[in-house]
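Note sheet for the following structure.
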Amino acid sequence: MEYYCALVLFLCGVSTINAQQPTPNATVTFTPQSSADTITTVSLSLPQSTGAVLTDTMTSGTSGVQFTTTPQPRMTTEPAGSTNSPGSSSTEALSEDPRYPLYIVGFFPISGDSFHRGNSALLAANLALEHINDKEDILPGYRLAMNWNDSFCNAGIATQALFEHINSGTKYHMLLGAGCSSVAQTISLAADLWNIIQISYSASSPALSVRSQYKTFFRTNAADSQFNNARLAMIKRYNWTRVATLHENQEVFSTSINDFSTLLANNDIELITSESFTVDPEEQVKNLKSKGAWIIFGNFYENMARRVFCQAYQQKLYGKHYAWFLPGGYKDKWWEVPDDEVACTPEELHQAIKGYISTENIPLSIYKDQKTPSGYTAREYEAIVEELFDAQKNQTSFDANKAAASYAYDATWTIALTLNKSLSNFTSDSLEDFHYENVAMREVFMDTLYNLEFEGVSGTVSFTRDGNREGLIEVRQMKESTEVPIGRYSPQKEELIIDGIEWQGGVAPKDATTERNISLYVPHTYIYVAAGFSGVGVTLVFVLALFMVAYRQRSVFGRAMPGYLGVMLFGCVLLYGTVVLLGMDSGLVGQEYFTTICKLSSSTLTIGFACAYGVLFSKIYRAHKLLVTKANLWKPDPHGGHMARTMLIFFVVDIAALVVWIVAFPMQSTTEIVNERLNENENTRYNDLVEFCTQGDSIYFIVGLFVFHGLALLLGAFLAYETRELKILSLNDTFWTGIAIYCVVTLSVVSAPLSFILSNTPQISYAVIGALTWTAVTLTLLIVFMPKLVALRHSFGDKTDADYRTDDEIYEEEVDEETKLRHKIDEVDRKIEIVKKEVNQRTSYGRQGVTRGCGLWCFGHFFGCSCGQLTSEVAEIVASVRGDEDTGEIRVLSYDNKGLQVSDWNLEQGGATSPTGEAAAVSNGAAPVHGSEMDARDASDITVAVEAYHDPPKYSTAVAEKAAAAERANGRMSSAPPTDDDSDGDADLGPGRKTPQESPRASPIGMKGQHEAGDWVPGEHDGDDIESTMM
């Protein structure tokens, strides 16, 4: 509405100017009430019929419009194809023609940098006038004439020129033009005020289709909305779904882009970005680049096109991966026009514009041999226009545009035919009666136009109710240095025909960088090969198992823990199966079974490792235990229980982790992108996908198992090194077990990191990890079993050893006396250590302190546990020291546990007794023994054991003497009760038995804090003195 009011003020200003008839150098001003808020000034230069050129200055603000007109010296031009100056008729003097002249006013963009169709359109319009006036059946008695103006593609210049013509006294029946949409929109509003119908030949703005605003506007060219339909058809043809737009900030382009955006949205096409610029498109082109625009639709004049493509060249926004769409109508080699605002050379611009596509009004009818109202066919017309163009080619300002010429020719014929057909529609008026207030005649003209249809040189001409012509759209492409037709679009049929399009890359560019997902699977060949090798390994396991069963009574197998070797063979079978399972993925077994395969492979790998390596580790750990405990390697304790406890740790940890992992955190198949590769030639990003069987916290279980097994491997390697020279009669393969552990550790240390590093490349990962696993298992089998088979090589027929001897026999026959004596000394040392621990325990907790059993609080006593009972080894040592058998008395001493009561001893000064001990002794059929007497005997026995350490050869003799003395004492004790004749409060031990104080070898150990009665108070032993004496 503001625009319309400004136009009315502009009209008033022009009317005032014309009414005042300014003299040269005079200034006529239409001034609003206030000019304080003036914001815009536009200077216009217009031709005057008085021989001067008026320079008009329009200043607009919020309070009004101000016009200042200053006469200037006249500018003259010679239009192409005419000797008449601007503002005059393009025909010969009408005074020489007796027919009544009917005037039309024409507007052609002859000058200016943005539009260059005017020369061609003017030439074709003059040709049409000539053909019209030559036809006797067209406007009989009338002659059609035209006064034209150079609009400069400027709305202000064209509008003022229109007002001059209206106020000149000549009546103009219709208006031809204008060529530019911005000019057409302005003068259409003005022409409607004077009831003048406007026929344009190249204004394409969709805004002109708004009938409520542009009531008398028609056009013979296609509207941009139809160009947009052709562009949409191109988008759909090549399946593009993402496009971008870039346009100049001109209303004609903005309106077209807005219409195009709506069209895209209605067809589910994503508009990535819509950029607009006024002068410099640098930032906008950078935005197109950053937002990944590959299909770009541009709307701008050709002077701005040079700036856009210079920036596109600098930003590398061109080439085979890009498609640029431009408006048609640019003159030939427009990129070579010198332009100081462009920093690129013509060669660089040419490189950037290669292959662009434009949509243009089809220049000639596809029915080139069909007659037109002029009597010429489209082919004949083309020949005539070509001659006219050739005559003007030497003029630098002339731009040969066949489309503009054809549509201007048909627009002129549209005016003539409308006037001609209106003659029969008038009831009383005639064309001579036309005036600017004659609304009825305008309606007759418009009704005639709505019903008009004829075959023009550009095709069939007819108009819709909004004044548009639904003509064919030509699709053109820049090839080499020329725009070449490659197809056409029919708005009526919504049909796109493309023939001859050439893409720089051979195929149409993509609307985005295509992403292709490539699932990486293990080749089936790898799995088949692995299955073959695993089959060989399983066969080897069964062969070795048969040998082991067949020769289990031979010492090479019998003294190598054959039962545990069987467990190891079972683990190897599981590991061979794992080698095959690791290669199975959804590409082989299907997605529904892939998770099951994952669980199965994890279970077989974990349990197989626990079985195979667990046996090796338990053997080497047992050997190391014997080494550090200085055990008799000729006759050690049985190994089965020790190895079973070690292996149990492996099974408990591994199975517990598996159960929690599978139950609490079930495995699921997940696909992850492990690598992205951009192929610039194809504009495609390849994503490598790998399937994993992990979920959430499952990585913690994997890492936990890796850490546990890794520590076991490192510890096993250390123990193998420590026992490298150890030989055990009943565990005869410790050396080869150590070698096998070295092999497993080495290959595991290599394969474990590689399993993580190569996890993104399943083919390589499977090949490497599978090969290392198979090698480790096979080498372990060969290292452990081959020495045994080699030992049997000469006696495969014997199921038992020919000279089989037991361990005791071998010991007695093979071991010299010195070694045997050393073994005895070692055994004594071991027993002394046990006794020392017992003494320390009693020192801390009392005589009946807890050493083994069900715990300090002895709840297990109710379930039959030996609460507080000493180990059988301690009891045996005490018995051997006393020379007695393991009688109930020893059990009495070692069974009672009053830990909850701290002590069951009477700690009073008068002495200490043990009611519980007495009761227990009586219940076992023995005479009651006082606590002090029992403590003294215990100390004496321990003293004998300790001193035996310092004099090992006499140990057996001392024990024998003590046993004989015990027998003599027992003989006397049967006839008389024991008496205490030394007045020390202790019972005599009998003849031949000395009290601890009378021992010839040492006085009692740790007997400090005695009372006057000579009683020993338990709990007051000096552990430090005991240990110092033992040393």
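Some observations on this one:
- Selected residue (criterion: modelled with the lowest pLDDT) from residues of the range 651-689 that are among the aliphatic types (A, V, I, L, M), closer than 23 Å to Ser519 by Cβ and open to solvent by less than 80 Å² (accessible area, probe 1.4 Å): Met667
- Set Tyr376, Tyr313, Tyr318: member being open to solvent by 30 Å² or more (accessible area, probe 1.4 Å), farther than 24 Å from Val484 by Cβ and aromatic (Phe, Trp, Tyr): Tyr376
- Qualifying residue in the range 175-189 (condition: over 59 Å from the mean Cα position of the chain (by Cα) and either more than 21 Å from Val461 (Cβ to Cβ) or not β-branched (Val, Ile, Thr) (or both)): yes
- Residue match in the range 677-688 (condition: assigned to a strand (DSSP E or B) and without any contact (Cβ under 8 Å) to a residue 40 or more places away in the chain): yes
- Filter result for Thr412 (open to solvent by less than 10 Å² (accessible area, probe 1.4 Å), modelled with pLDDT of 90 or more and either within 24 Å of Ile110 (Cα to Cα) or not β-branched (Val, Ile, Thr) (or both)): yes
- Residue within the range 611-621 that is assigned to a helix (DSSP H, G or I) and open to solvent by 30 Å² or more (accessible area, probe 1.4 Å) present: yes
- Scanning the range 379-409 for residues that are at pLDDT 90 or above and open to solvent by less than 40 Å² (accessible area, probe 1.4 Å) returns Tyr381, Val385, Ala405, Ser406, Tyr407, Ala408, Tyr409.
- Among the conditions (1) closer than 16 Å to Gln311 by Cβ; (2) open to solvent by 20 Å² or more (accessible area, probe 1.4 Å), the only one that Tyr356 does not satisfy is (2).
- Selection count where residues are open to solvent by less than 10 Å² (accessible area, probe 1.4 Å), within 30 Å of Gln250 (Cα to Cα), assigned to a helix (DSSP H, G or I) and not small (Gly, Ala, Ser), scope the range 124-166: 4
- Filter result for Ile518 (touching a strand residue (DSSP E or B) at 6+ places or on another chain (Cβ under 7 Å), among the hydrophobic types (A, V, I, L, M, F, W, C) and within 30 Å of Val385 (Cα to Cα)): no
- Qualifying residue in the range 744-760 (condition: in contact with a strand residue (DSSP E or B) (Cβ under 6 Å, 6 or more places away or on another chain) and modelled with pLDDT under 90): yes
- Verdict on Glu283 being of a type in the set (D, E, K, R), open to solvent by 50 Å² or more (accessible area, probe 1.4 Å) and either in contact with a Lys or Arg (Cβ under 7 Å, 6 or more places away or on another chain) or within 23 Å of Lys354 (Cβ to Cβ) (or both): no
- Boolean, Val538 is of a type outside the set (S, T, N, Q), surrounded by 19 or more Cβ atoms within 10 Å (Cβ to Cβ) and touching a residue at least 24 places away in the same chain (Cβ under 8 Å): no
- Of the residues making up the range 415-447, those that are in contact with a strand residue (DSSP E or B) (Cβ under 8 Å, 6 or more places away or on another chain) and open to solvent by 10 Å² or more (accessible area, probe 1.4 Å) are Leu417, Glu432, Arg442, Met446.
- All conditions in (1) outside any strand (DSSP E or B); (2) crowded, with 22+ Cβ neighbours inside 10 Å; (3) of a type outside the set (Gly, Ala, Ser) hold for Gln198, with the sole exception of (1).
- Criterion: open to solvent by less than 60 Å² (accessible area, probe 1.4 Å), on the phi < 0 side of the Ramachandran plot and modelled with pLDDT of 90 or more - qualifying residue of Gly532, Gly505, Gly558: Gly532
- Candidates in the range 575-606 are the residues that are polar (S, T, N, Q) and closer than 23 Å to Phe706 by Cα; of these, the one that is surrounded by the most Cβ atoms within 10 Å (Cβ to Cβ) is Thr578.
- Test set (1) crowded, with 23+ Cβ neighbours inside 10 Å; (2) closer than 30 Å to Asn119 by Cα; (3) touching a strand residue (DSSP E or B) at 6+ places or on another chain (Cβ under 6 Å) - Ala293 fails condition number: (2)
The values are calculated or read from the model by the stated rules, or taken from the named source; none is laboratory data. Just so we're clear, the structure is a prediction, and the values are computed from it rather than from any experiment. No Cβ is skipped: glycine too gets one built from the backbone with ideal geometry, and neighbour counts run over all protein chains shown. The area values use the complete protein model at the heavy-atom level, side chains included, leaving out ligands, DNA and RNA. Shrake-Rupley method; radii C 1.70, N 1.55, O 1.52, S 1.80 Å.
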